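These notes are about the structure you will find just below.
The values are calculated or read from the model by the stated rules, or taken from the named source; none is laboratory data. Treat the numbers as computed from the prediction; the structure is a model and nothing was measured. Here the Cβ positions follow ideal geometry from the backbone for every residue, glycine too, while neighbour counts run over all protein chains shown.
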Amino acid sequence: MNEASGPIINGDAAAALMDPLTDLVLRAGAAILAVNRAVMKVDGKLDGSPVTEADIAADRIIGEGLARLVPEVPALSEERVHLAKPPQGGSFFLIDPLDGTKEFVAGHAEFTVNLALVTNGTPVLGIIGAPALGLIWRGLVGRGAERLKTGAGSVGEPIHTRPHPQRGEPWIAAVSRSHGDIRTAAFIEARPGAIRQMLGSAVKFGRVAEGAADIYPRLAPTSEWDVAAGHAIVTAAGGKITDSQGADVQFGKSREGFIVPEFIAWGDPAAAAAL
């Protein structure tokens, strides 16, 4: 990607891409499931995180598919980040071909394929596939969100976030099974009555979007490709993503390494306004 403003994908064009992009996520998920975790090779990246042949296979499917579908739109993948520079505008794709590689390597089912379309710094379309769970969450901002099963003939079920619990009622915080941090723990502890729901990967965004969890805080650095698809889906489902001060989270700007310093996914935007 270069730093010049790229092409703009409008709402109708994004809507027309939803099914073809979902097919890419499905195919990438099938490729991941086809890998034998018992014998696969696990390598380490420079940051110490693992990468497997499943990551590479899924990335290849999505990268080649996007090049056929929309060759004019830049695509940034976790597995090819060294080729990219932050764009300053226009539309581009953000891809995490295997989010939750640690979960995958450990034999857990909560790993995902994340694909997002970002326009002018804001995710507008998101697809999260959880192949081992047989689920896909997807959404287009302004046009709603839905959950699908991955079997043949599956029909999308519209989903929506839920109102934040009233005072004295328990509320559910989706938290990472693999990545804990002090600030996030303190944020949750400052809200008495929270029930922690331990989950892996971007499944946490899906649970907020479908109203099964109220909030997903991550007050430690993570990468844009981990967040963008969930950002679009939660927003499309009626929620909101902010930083700890209530400000919007931007993508594809000039932050080194495509890092998101912190974020909170709120099921109820009114709860975010109370920060």
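Below, the figures for the structure above:
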{"item": "Residue list for segment 130-188, filter: in a strand (DSSP E or B) and more than 22 Å from H231 (Cβ to Cβ)", "result": "K149"}
{"item": "Top-ranked residue of segment 223-251 - restricted to ones that are modelled with pLDDT of 95 or more and part of a strand (DSSP E or B), ranked as farthest from G267 (Cα to Cα)", "result": "D248"}
{"item": "All positions within segment 209-230 that are under 14 Å from I136 (Cα atoms) and either over 12 Å from the mean Cα position of the chain (by Cα) or among the charged types (D, E, K, R) (or both)", "result": "E210"}
{"item": "Scope segment 79-105; condition surrounded by 21 or more Cβ atoms within 10 Å (Cβ to Cβ), modelled with pLDDT of 85 or more and not polar (S, T, N, Q); matching residues", "result": "F92, F93, L94, I95, D96, P97, L98, D99, G100, E103, F104"}
{"item": "Single condition R183 does not satisfy, out of (1) surrounded by 15 or more Cβ atoms within 10 Å (Cβ to Cβ); (2) on the phi < 0 side of the Ramachandran plot", "result": "(1)"}
{"item": "Test result for A213, over 30 Å from V105 (Cβ atoms), without any contact (Cβ under 8 Å) to a residue 60 or more places away in the chain and of a type in the set (G, A, S)", "result": "no"}
{"item": "Matching entry among R162, R167, R183 (being modelled with pLDDT under 85 and either outside the structural domain of E262 (by TED's automatic domain parsing) or out of contact with any helix residue (DSSP H, G or I) (no Cβ under 6 Å at 6 or more places or on another chain) (or both))", "result": "R167"}
